[in-house]
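First comes the structure, then the notes that go with it.
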Amino acid sequence: RQRACVEARRKLSSIRNTDAITGDGTPIELLANIELPQDAANVLESGAVGVGLFRSEFLFLGRDSLPSEDEQFAAYREVAEATNGAPVTVRTMDLGADKNPRWLNHGAAENPALGLTGVRLCLAEPLMFRAQLRALLRATVYGKIRILFPMINGLGELKQALAQLEYAKKELREENIPFADKVEVGAMIEIPSAALVVGSFVKYVDFLSIGTNDLIQYTLAVDRNDDSVSHLYDPVHPAVLKLISHTIKTATKAGVQVSVCGEMAGDERLTRLLLGMGLRRFSMHPANLLAVKQNVLNSHLDTLAPQVARILRSEDPDRIADLLTQLNAGPDA
Ligand code: PEP
Ligand code: MG
């Protein structure tokens, strides 16, 4: 089995420089998820066309104090320069819940996954948030940095985050510190409420990114880190699929870019399903990229569409499992 694995990996490496285009000619963007600035050096080498998710909170973990604006700026600049002008989507710090830095003293929450996490923490600590936004804006001079807000639960929070960004821009202008004229901004869709009201987001953002890891957790009320309920953590639960499909359709109709950056994007068993739902941008751990690319090359959107429509109409997990098996075993597989 080990030999077969090595052989499969060797074969995949031959498509590293092949463009990700479906069998019937639709280009697909495959992007990388990274956690530290050093990871950026391997992004283009992995076959990705940019960074779809830089989990910036890792800059804030494993240390005793908050990194300064300048320190953050140096890190974002490093990523922007390492990717040679390719897009780099930096998610603002997504702390709280399972990621608690030593310097953050907000006390123990009874229910941390529903507590002061992600953008909620940032809005509660505006100085900390603005230092990050200022650092990100300053780095836009060195590459195509895009800013992504995590854990948005509705339009109210999105507007507040955007207002903080505008405030940071105003401060920089007043201080004559340069940043790019146009900085793309996006929201993560990882809370069911956000998926349901995504139509209200589209005129405020340039792009959306579906965080399926949390979307599954919050839709199914299953702790993503609790082994005792891991059998209930089901990426193809019909309720999860409906939320993903609704988000992709709404964004596409409005002409807003949409990607998936949760683990589902890097799961080769789900590539065809997501393609059939209309997804054209996948962001994943670089190690999964070539296997997903292989599936893209072997897929015909015309053939997938009716099969995926059937999956989306079903609410029976057994039938969904059967249809998914058929989809992956289809003529192009
Ligand atoms: C997600 O929730 O799918 C996601 C990409 O964010 P994280 O896994 O970092 O919570
Ligand atoms: Mg998340």
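Per-structure values
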{"read-out": "Residue satisfying all of: in the stretch 275-294; more than 10 Å from residue 28 (Cβ to Cβ) and assigned to a helix (DSSP H, G or I); most open to solvent (accessible area, probe 1.4 Å) among these", "value": "287"}
{"read-out": "Subset of the stretch 53-75 (residues that are in contact with a Lys or Arg (Cβ under 7 Å, 6 or more places away or on another chain) and either crowded, with 23+ Cβ neighbours inside 10 Å or assigned to a helix (DSSP H, G or I) (or both))", "value": "53, 54, 56, 57, 69, 73"}
{"read-out": "Hey, residue 123 within 21 Å of the chain's Cα centre (by Cα), without any contact (Cβ under 8 Å) to a residue 60 or more places away in the chain, more than 16 Å from ligand 2 (Cβ to nearest atom) and more than 23 Å from residue 77 (Cα to Cα) or not", "value": "yes"}
{"read-out": "Checklist (1) part of a helix (DSSP H, G or I); (2) surrounded by fewer than 16 Cβ atoms within 10 Å (Cβ to Cβ); (3) not basic (Lys, Arg) applied to residue 161, failing item", "value": "(2)"}
{"read-out": "Residues within the stretch 202-257 that are of a type in the set (Ser, Thr, Tyr) and within 16 Å of ligand 2 (Cβ to nearest atom), tallied", "value": "6"}
{"read-out": "Members of the stretch 76-98 that are on the phi < 0 side of the Ramachandran plot and not in a helix (DSSP H, G or I)", "value": "83, 86, 87, 88, 89, 90, 91, 92, 93, 94, 95, 98"}
{"read-out": "Pair list, Cβ under 6 Å, 6 or more apart: the stretch 46-64 residue under 24 Å from residue 281 (Cα atoms) and touching a residue at least 60 places away in the same chain (Cβ under 8 Å), other residue surrounded by fewer than 21 Cβ atoms within 10 Å (Cβ to Cβ) and β-branched (Val, Ile, Thr)", "value": "none"}
{"read-out": "Odd one out for residue 190 among (1) within 21 Å of residue 54 (Cβ to Cβ); (2) surrounded by fewer than 17 Cβ atoms within 10 Å (Cβ to Cβ)", "value": "(2)"}
{"read-out": "Residues of the stretch 116-137 classified as open to solvent by 40 Å² or more (accessible area, probe 1.4 Å), in contact with a strand residue (DSSP E or B) (Cβ under 9 Å, 6 or more places away or on another chain) and modelled with pLDDT of 95 or more, total", "value": "1"}
{"read-out": "Some residue of the stretch 99-118 being in a helix (DSSP H, G or I) and more than 16 Å from ligand 2 (Cβ to nearest atom)", "value": "no"}
{"read-out": "Extreme residue, most open to solvent (accessible area, probe 1.4 Å), among residues of the stretch 10-38 that are small (Gly, Ala, Ser) and more than 15 Å from residue 279 (Cβ to Cβ)", "value": "14"}
{"read-out": "Verdict on residue 95 being touching a residue at least 24 places away in the same chain (Cβ under 8 Å), in contact with a strand residue (DSSP E or B) (Cβ under 7 Å, 6 or more places away or on another chain) and farther than 30 Å from residue 272 by Cβ", "value": "no"}
{"read-out": "Unmet requirement for residue 177, which otherwise passes all of (1) within 17 Å of residue 190 (Cα to Cα); (2) aliphatic (A, V, I, L, M); (3) surrounded by fewer than 17 Cβ atoms within 10 Å (Cβ to Cβ)", "value": "(1)"}
{"read-out": "Residue identified as open to solvent by 60 Å² or more (accessible area, probe 1.4 Å), at pLDDT 95 or above, basic (Lys, Arg) and within 22 Å of residue 224 (Cβ to Cβ) among 269, 319", "value": "269"}
{"read-out": "Qualifying residue in the stretch 138-147 (condition: modelled with pLDDT of 95 or more, among the hydrophobic types (A, V, I, L, M, F, W, C), assigned to a helix (DSSP H, G or I) and away from ligand 2 (no atom under 14 Å from the Cβ))", "value": "yes"}
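Listed here are the residues, each with its yes/no results for (1) surrounded by fewer than 21 Cβ atoms within 10 Å (Cβ to Cβ); (2) within 23 Å of residue 162 (Cβ to Cβ).
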{"position": "204", "(1), (2)": "yes, yes"}
{"position": "218", "(1), (2)": "no, yes"}
{"position": "226", "(1), (2)": "yes, no"}
{"position": "230", "(1), (2)": "yes, no"}
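The values are calculated or read from the model by the stated rules, or taken from the named source; none is laboratory data. Since the model is a prediction, treat every value here as computed from it, not as a measurement. Reconstructed Cβ throughout: ideal geometry from the backbone, glycine too, with neighbour counts over all protein chains shown. The protein model used for the area step is the full one, side chains on, heavy atoms only, and it has no ligands, DNA or RNA in it. Shrake-Rupley method; radii C 1.70, N 1.55, O 1.52, S 1.80 Å.
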